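Here's the structure we're looking at; comments come further down.
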Amino acid sequence: NRLKGLITGSTTKDGFADADFVIEAVFEEMSVKKTVWAEVEQIVTPECVLATNTSSLSITEMAEDLQHPERVVGFHFFNPVAVMPLLEIIRGDKTDDATLATAFATGKGLKKTCILVKNSPSFVVNRLLGRFMGDAGRIVDEGTPIETVERAFAGLTPMPPFMLISLVGPAIALHNSETLAKAFPDRFRASKNLAKVVEAKIGSFYGADGKIDPKVMELFDAPSDPKELTTEQVRESALASMADEIRRMLDEGVVAEVQDIDLAMITGAGFPFWNGGITPYLDRTGVSESVNGQRFLPPGVASLN
């Protein structure tokens, strides 16, 4: 009753007038986000923090037309919000220190694991998920059965890539893929077959029996030159892609330390914590040195050698 007493509702945005902190989670479309913030800014005080739950869009671009772009900050939760601890806090080019500090204090009050992230396409978790899920989509598009790809990720990810796409929703997965493909066309791609699934309004790759839905496969185009990989080849490809993308993210300064990426993938994507993080796993298996010529962490850190 005490908590319910703190909640009020309104059919207009006038209810935000006395708010200190507003979070938006509207559709992932920049024009929609900008429209919402333009309307909210006319109602709230100049000190009110405007926090966006965008999963991939630019904080800087979202704030550029506002009178006070310095009070806009990325505040990206992960689903299910009540379970996943991670909160990516993204600083736009004009986000000021007071706004950033308020965002971290609010995140701490919500008992979230907060990580500071540079304003960059899809931030940390969705960028890495986008890389390995994009590769999985490419491998399937080229002729490897979905079932083979799903088995390849056993013990590496909390769930197989197409099951994860079904959980977050094919439309959201496609949007993230398109955002990354636009930003990094040399290594990200949006699957045309995934686009067909979205166009057909199919919400899951899996049927009620827990198996891949035949209706989904009927939508897929048959590759002109099929290339079928084994589970081991799929796994090797995925690990190499992640090692490459993590190195690029560190070089770009997306996060301050490599451990931030490990923490983000464990608390935001559910990567198995017993591996110590994705980068120790890549170090131990030799993938880091094979792809990048060096380890991510010094010998003995989160590893036995």
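The values are calculated or read from the model by the stated rules, or taken from the named source; none is laboratory data. From a predicted model like this one, the values you see are computed outputs, not experimental measurements. Because the Cβ atoms are built from the backbone with ideal geometry, glycine has one as well, and the counts that use them run over all protein chains shown. Remember, those area values only see protein heavy atoms, side chains included, never the ligands or the DNA or RNA. Shrake-Rupley method; radii C 1.70, N 1.55, O 1.52, S 1.80 Å.
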**Prompt:** segment 200-305: which GluC sites (Glu not before Pro) are DSSP loop and have at most 11 other beta-carbon atoms within 10 angstrom?
**Reply:** Glu257
**Request:** Calculate how steeply helix 125-141 sits against the longest principal axis of the alpha-carbon atoms of the chain, using the helix alpha-carbon long axis, and give the answer as 0 to 90 degrees to the nearest 10.
**Result:** 40 degrees
**Asked** For Phe21, what is the net charge nearby, where nearby means another residue's Cβ is under 12 Å from its Cβ and Lys, Arg count +1, Asp, Glu -1?
**Response** -3
**Loop-located GluC sites (Glu not before Pro) in segment 1-102, at most 12 other Cβ atoms within 10 Å (DSSP)** = Glu29, Glu47
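I need the fraction of alpha carbon pairs in segment 195-289 separated by more than 23 Å, rounded to a whole percent. Each step should come with its number before you reach the end.
On the way: 2172 of 4465 pairs.
Percent of Cα pairs beyond 23 Å in segment 195-289: 49.
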**Prompt:** Largest first, how would Ile212, Ile246, Ile43 line up by accessible area (1.4 Å probe)?
**Reply:** Ile43, Ile212, Ile246
**Asked** Could you sort Leu263, Leu3 by accessible area so the largest value comes first, with the probe set to 1.4 Å?
**Response** Leu3, Leu263
**Message:** Exceeding 30 Å between C-alpha atoms, which entries from my cross-link table qualify? They are Lys33/Lys196; Lys33/Lys111; Lys13/Lys182; Lys112/Lys211; Lys34/Lys108.
**Reply:** Lys13/Lys182; Lys112/Lys211
**Request:** Treating each Cα of segment 1-85 as an identical point scatterer and ignoring solvent, apply the Debye formula and state log10 I(q)/I(0) at q = 0.17 Å⁻¹.
**Result:** -0.75
**Prompt:** Got a sec? Charge dipole of segment 199-305, +1 on Cβ for Lys and Arg, -1 for Asp and Glu; which of Ile212, Pro272, Val291 is way out at the positive end?
**Reply:** Pro272
**Request:** Would you work out which of Asn79, Ala63, Ala38 lies farthest towards the positive end of the dipole of segment 19-101? Charges go on Cβ: Lys and Arg +1, Asp and Glu -1.
**Result:** Asn79
**Prompt:** Which of the peptides 162-173, 90-101 is most tightly packed, and how do the rest follow, going by the mean number of other Cβ atoms within 10 Å of each residue?
**Reply:** 162-173, 90-101
**Fill in**
Taking a crude spin-label model, label points 7 Å out from Cα along the C-beta direction, the Ala200 to Thr230 distance in nm is 3.1 nm
**Complete:** Quick calc, the chain, dipole around Cα centre from Cβ unit charges on Lys, Arg (+) and Asp, Glu (-), nearest 20 debye, gives 640 debye
**Asked** Charges only on Cβ, +1 for Lys and Arg, -1 for Asp and Glu: so what's the dipole of segment 121-207 about the Cα centre, in debye to the nearest 20?
**Response** 180 debye
**Asked** What residues have an amide H closer than 5 Å to that of Thr113, excluding those fewer than 5 places away on the same chain, when H is modeled at 1.01 Å from N in the peptide plane?
**Response** Leu86, Leu87
**Asked** Per residue, how much accessible area does segment 37-175 show when a 1.4 Å probe rolls over the protein heavy atoms, in square angstrom?
**Response** 38 Å²
**Message:** Sequence gap at least 6, Cα distance under 8 Å: using those rules, report the relative contact order of the chain to the nearest whole percent.
**Reply:** 15 percent
**Message:** For a quick check of understanding: with a 1.4 angstrom probe and all protein chains in place, what accessible area in square angstrom does Lys227 have, to the nearest ten?
**Reply:** 110 Å²
**Request:** Would you be so kind as to identify which of Ile172, Leu3, Ala101 lies farthest towards the positive end of the dipole of the chain, taking Lys and Arg as +1 and Asp and Glu as -1 on Cβ and the Cα centre as origin?
**Result:** Leu3
**Request:** Just need the Rg to Rh number for segment 1-156, please, alpha carbons only, Kirkwood Rh.
**Result:** 1.06
**Request:** For helix 30-41, report the angle its Cα long axis makes with the longest principal axis of the Cα atoms of the chain; keep it between 0 and 90° and round to the nearest 10°.
**Result:** 20 degrees
**Asked** What is the dipole size for segment 26-183, taken about its Cα centre, with +1 at each Lys and Arg Cβ and -1 at each Asp and Glu Cβ, in debye to the nearest 20?
**Response** 500 debye
**Prompt:** What residues have an amide H closer than 5 Å to that of Tyr206, excluding those fewer than 5 places away on the same chain, when H is modeled at 1.01 Å from N in the peptide plane?
**Reply:** Asp213
**Request:** Return the label of the correct value of semi-axes √(5λ) of the Cα gyration tensor in Å, as calculated from the structure shown, out of [x] 35, 24, 18; [y] 40, 26, 16; [z] 31, 21, 18.
**Result:** [x]
**Request:** Determine the calculated [θ] at 222 nm for the chain from helices alone, applying -39500 (n - 2.57) to every DSSP H run no shorter than 4 residues and normalising by the residue count; nearest 500 deg cm²/dmol.
**Result:** -13500 deg cm²/dmol
**Prompt:** Pairing the Cα long axis of helix 231-252 with the longest principal axis of the chain, what angle in degrees results, from 0 to 90 and rounded to the nearest 10?
**Reply:** 40 degrees
**Message:** Going by Cα centres, segment 37-105 and segment 240-305 are how many Å apart?
**Reply:** 28 Å
